[in-house]
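So the structure is just underneath, and the comments pick up after that.
The values are calculated or read from the model by the stated rules, or taken from the named source; none is laboratory data. Predicted model only: the values in this text are computed from it and were never measured. Quick reminder, even Gly has a Cβ in these numbers, built from the backbone with ideal geometry, and neighbours come from all protein chains shown. These accessible areas exclude ligands, DNA and RNA; they are computed on the full protein's heavy atoms, side chains included. Shrake-Rupley method; radii C 1.70, N 1.55, O 1.52, S 1.80 Å.
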Amino acid sequence: MIPAAFEYCAPDSLSEAVGLLAEGGEDAKPLAGGHSLIPLMKLRLAFPTLLVDLRRVPGLAGVSRTDGEFVIGAMTTHSVVEHSPELGLLSRAAGTIADPQVRHRGTIAGSLVHGDPASDLPAVLLAAEGSLTASGPNGERSIAAADLFQDYMETSVAPDEIVTEVRMPALDGWGFGYQKFNRRAEDWAMVAVSALVLARDGVCEDVRVGLTNMGSTPLRARAVEDALRGQPLEAANVAAAAEHADEGTNPVGDLNATADYKRHLARVMCRRALQEAVGAG
Ligand SMILES: Cc1cc2nc3c(=O)[nH]c(=O)nc-3n(C[C@H](O)[C@H](O)[C@H](O)COP(=O)(O)OP(=O)(O)OC[C@H]3O[C@@H](n4cnc5c(N)ncnc54)[C@H](O)[C@@H]3O)c2cc1C
């Protein structure tokens, strides 16, 4: 439980942080809440030689709204997101992460860059079609959620980049639902489903569904979306669409659930999340 030796620095500006990360090379890592990185280091599954602590970098936390989208600073904690109800689905999902201690330390960018398919926020970003802004030695770039999650705990944020903000479309008028299944209240999801539904006159005008822990990355349930889009939002149509939730998924069996049980959970949680979204719309 003792990590390998590493250097530590806590720069006061973003440019300094980017410079230090570049100097440190591939084995340097940004440190945010430390609630994923530090346990990995203690288990000796990660061996960064330099940690660049982002805590003192100004301007990286807070929630604001510009035209049609929310901008959430990278260092915004899960607790702040949870208590920002205007963020809708994202706020709902953040409130299900672990316990208050973890939510007061863990950050939105830390969770997204960590890229654990069992984490709550990645599938929400995917379903909402949000994006990240990352700063590196060559300047700033935007990374769409669809391009972010590459493989198990692997994202397209480069080792020399620092995420500065997360952008989420406001999705005004969309209903949302979040259903997470775990054995104990504070555990990671065995399976979770994020649902967003835009209804007009009782008909599904548009729908987006994200799946947590149903493969090596968070996934979109496109077959569910295709089945429900354009249909009257009646219980039977919602239930029939949800039956497609495990199509194209590849869940891994673990101590909590077999792959087949996860597929079953995905269908059930999807139906419940869609029903919740239809009711909340
Ligand atoms: C007991 C426990 C229970 C948990 N349960 C859940 C749960 O139910 N659901 C859930 O979703 N999560 C859960 N988590 C994880 C928690 O949400 C973490 O806080 C989160 O995954 C990582 O955020 P962090 O700020 O702690 O990041 P860190 O641990 O500091 O960093 C994680 C990774 O992201 C990188 N990184 C961090 N910030 C940036 C940035 N701005 N730019 C570039 N790279 C960056 C780091 O270099 C590192 O690779 C749990 C954690 C613990 C300890």
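Residue-by-condition table, conditions (1) assigned to a strand (DSSP E or B); (2) more than 9 Å from the ligand (Cβ to nearest atom); (3) surrounded by 16 or more Cβ atoms within 10 Å (Cβ to Cβ):
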residue	(1), (2), (3)
163	yes, no, yes
166	yes, yes, yes
178	yes, yes, yes
185	no, yes, no
189	no, no, yes
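Does residue 106 meet the test of being within 7 Å of the ligand (Cβ to nearest atom) and open to solvent by less than 10 Å² (accessible area, probe 1.4 Å)?
So residue 106 passes the test.
Any idea how many residues of segment 82-103 are farther than 19 Å from residue 40 by Cα and without any contact (Cβ under 8 Å) to a residue 40 or more places away in the chain?
The total comes to 9.
Filter segment 18-30 for residues that are of a type outside the set (A, V, I, L, M) and more than 6 Å from the ligand (Cβ to nearest atom); which is surrounded by the most Cβ atoms within 10 Å (Cβ to Cβ)?
24
Among (1) touching a residue at least 60 places away in the same chain (Cβ under 8 Å); (2) on the phi < 0 side of the Ramachandran plot, which single condition is residue 115 missing?
(2)
List every residue pair whose Cβ atoms sit under 7 Å apart, with the two residues 6 or more apart in sequence or on different chains, where the first one lies in segment 145-157 and is surrounded by fewer than 21 Cβ atoms within 10 Å (Cβ to Cβ) and the second, anywhere, is in a helix (DSSP H, G or I) and of a type outside the set (A, V, I, L, M, F, W, C).
Short answer, once both residue conditions are applied: 153/114; 156/147.
Look through segment 31-85, keep the residues that are open to solvent by 40 Å² or more (accessible area, probe 1.4 Å) and at positive phi, and return whichever of them is farthest from the chain's Cα centre (by Cα).
Across segment 31-85, the extreme among qualifying residues is 44.
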